[in-house]
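A short worksheet on the structure shown next.
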Amino acid sequence: MADNIPIGFRFRPSEEELISLLWLKVTNQLDETDHVKEKILYGEGAEPWDVLGDDDVRWQFCDDSGKGASTKRMVYVFTKLRKLSAKKTARTAGLGTWDGETKSYPVEGMITGEKIGSRKMLSYVLNSGSIGVKGGWIMHEYSLDGASLNGLNSSHNTDYVLCRIIKDDSKFTKVKESATKGKVAKEKEVGNRGCREVVLGKRKMNLEQESSQASSLDDAVQPIICWNGDPYLGSVPDMVHCSLRN
């Protein structure tokens, strides 16, 4: 996306302004903006490094003081919650889940002091046994509440929330493996943006040998997962291939 932001511009809305933006979105009065795109954050294939890896989202440094290199970037997006019931929300996102870190806190209007919204913090955690990336993804989720709900009706979709998502590149990303019990996992990191090899199994053997010589396919194949590192979005699976065990 072409960057036409004036030099020195920073998108730093207050919490009250975020609730105002969300209210305009819910009431269908918000013009399209480059600063807050609508994204699907929940459901199958909704890992944050994929959903937020598009060119149409605008990442910003969290710390632009100039005192040093910032490892944290943030982006603002609208998304629809997947409501299972009035009080229950599905938080599964691809290989993991957006897990609540805090309870819901009120957002109040600066002048009136009335409650106009709610804020909660969540972090992205991989489901047990998945192969992917963990660590460094934090979400601050803003929803309409209190006075901002006055006058809304069934034509207004209050399942919309506004999310500020922060990616901390300094967090060490871990590779999750779902190998059979008793197998050995070994990680080898090659450079800051290089590949990480995951070797599963205790011994090697040649695939050209008779399959009867292998107790299982896992014993015969050495899967190599190449992780394509990105300084902003973290590492994502780039290539999976197999080498032969001896």
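Data for the structure
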{"quantity": "Residue count for the stretch 93-120, restricted to those that are farther than 15 Å from Ser20 by Cα and buried (at least 16 other Cβ atoms within 10 Å of the Cβ)", "calculated": "7"}
{"quantity": "Residue among Ser154, Ser123, Ser178, Ser170 that alone is more than 18 Å from Leu81 (Cα to Cα), at pLDDT 65 or above and either in a loop (DSSP other than H, G, I, E, B) or among the polar types (S, T, N, Q) (or both)", "calculated": "Ser170"}
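The values are calculated or read from the model by the stated rules, or taken from the named source; none is laboratory data. What you see is a predicted model, and the numbers here were worked out from it, not measured in a lab. Heads up, the Cβs are rebuilt from the backbone with ideal geometry, glycines too, and the neighbour counts pull from every protein chain shown.
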